[in-house]
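Participant: Structure provided below as C-alpha cells; questions to follow.
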Amino acid sequence: MNKKTQKKTITIMTLVVILIILSVATFLVVKKYSQKNTTSNTDQKQLPDGTSIQNKSSSNNSSASPAQPSQSSSISLSITQVSQTDTLLNIRALVNGASNGKCVLTLTKDSITVTKTGTIAQGPSYYYCNGFSIAKTELKKGQWQMNIKAESNGKEGNVNQTITVE
C-alpha cells in the first residue's frame, strides 16, 4: 500500500470507531433517561400507615369487582387497596383534584349500612383518603356495595365497588 492509501484507510477507520463510540454513548444516555422516567412513573409510594399505593391487595384478599369512578365530578378517586385480616377490613383510596376535605366510606349489604368518615391527607406527592379500617364484627360475610365519596370546597367525587367480606 502506498502512503496515501494507508492514510485514507486510517482516517476512515478512525471515523468509523468515533461513530461507533458516539452511537453507543447515545444509546446508553437514551436508555438511562427512559429507565429514569419509567422508574419515576412506577415507584411504589408508601402511605403513612405503611400501605403501598400500588398494592391492590394483600394476603387474605377480599374479592372485588373493578371500581367504577364517577365521571361527572371534579374530584376523582382510585381505590388502591381492599384487603382483610381475620379481624379488619382495610380500604385505601387516592384522591385527585382536592388537597383537603373529607372522605366518607359507605358499605351496604341488605338492610345494613356502615359509614366511616376520614380526612383527605397529603402524601409525599399525592393526596389520599386517610385509610379506613373497619372491624369485621360490624360486617356480615358476603357481598357488600362500597362507595367512597370525597368532598372539598364544594367539589365532590365518588367511586363504587362491590367487595366480598370473608
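Participant: Can you go through Ile75, Ile148 and tell me which one is at pLDDT below 95 and surrounded by 17 or more Cβ atoms within 10 Å (Cβ to Cβ)?
Facilitator: Details: Ile148 fails: at pLDDT below 95.
Ile75 is the lone residue from the list that is at pLDDT below 95 and surrounded by 17 or more Cβ atoms within 10 Å (Cβ to Cβ).
Participant: Is segment 109-121 home to any residue that is touching a residue at least 60 places away in the same chain (Cβ under 8 Å), touching a strand residue (DSSP E or B) at 6+ places or on another chain (Cβ under 6 Å), surrounded by 17 or more Cβ atoms within 10 Å (Cβ to Cβ) and in the same structural domain as Leu77 (by TED's automatic domain parsing)?
Facilitator: Of all residues in segment 109-121, those touching a residue at least 60 places away in the same chain (Cβ under 8 Å) come to 121.
Within this subset, residues satisfying the condition of being touching a strand residue (DSSP E or B) at 6+ places or on another chain (Cβ under 6 Å) are 121.
Subsequent filtering for residues that are surrounded by 17 or more Cβ atoms within 10 Å (Cβ to Cβ) retains 121.
In the following step, the residues that additionally are in the same structural domain as Leu77 (by TED's automatic domain parsing) were identified as 121.
Yes, the conditions are met somewhere in segment 109-121.
Participant: Consider Ser59 carefully, then state whether it is modelled with pLDDT under 50 and touching an Asp or Glu at 6+ places or on another chain (Cβ under 6 Å). Full working, then the answer.
Facilitator: On the way: modelled with pLDDT under 50: yes; touching an Asp or Glu at 6+ places or on another chain (Cβ under 6 Å): no.
So Ser59 fails the test.
Participant: Pairs needed: first member in segment 4-24, surrounded by 10 or more Cβ atoms within 10 Å (Cβ to Cβ); second member anywhere, not aromatic (Phe, Trp, Tyr); C-beta distance under 9 Å; at least 6 residues apart or different chains.
Facilitator: Thr9/Met1
Participant: Next question, about the same structure. In segment 80-87, is there at least one residue being of a type in the set (Ser, Thr, Tyr), more than 19 Å from Gly123 (Cα to Cα), at pLDDT 90 or above and in a strand (DSSP E or B)? Let's see the steps before the verdict.
Facilitator: Taking segment 80-87 first, the residues of a type in the set (Ser, Thr, Tyr) are 80, 83, 85, 87.
With the extra rule that they be more than 19 Å from Gly123 (Cα to Cα), the set shrinks to 83, 85, 87.
So of that shortlist, the ones also at pLDDT 90 or above come out as 83, 85, 87.
Next, from what is left, pick out any that are in a strand (DSSP E or B): 83.
Yes, there is a match, as at least one residue in segment 80-87 is of a type in the set (Ser, Thr, Tyr), more than 19 Å from Gly123 (Cα to Cα), at pLDDT 90 or above and in a strand (DSSP E or B).
Participant: How many of the residues making up segment 111-131 are out of contact with any Ser or Thr (no Cβ under 7 Å at 6 or more places or on another chain), aliphatic (A, V, I, L, M) and under 14 Å from Gly101 (Cα atoms)?
Facilitator: 1
The values are calculated or read from the model by the stated rules, or taken from the named source; none is laboratory data. What you are looking at is a predicted structure, and each value in this text was computed from that prediction instead of being measured. Cβ sites come from the backbone with ideal geometry, for glycine too, and all protein chains shown count toward neighbours.
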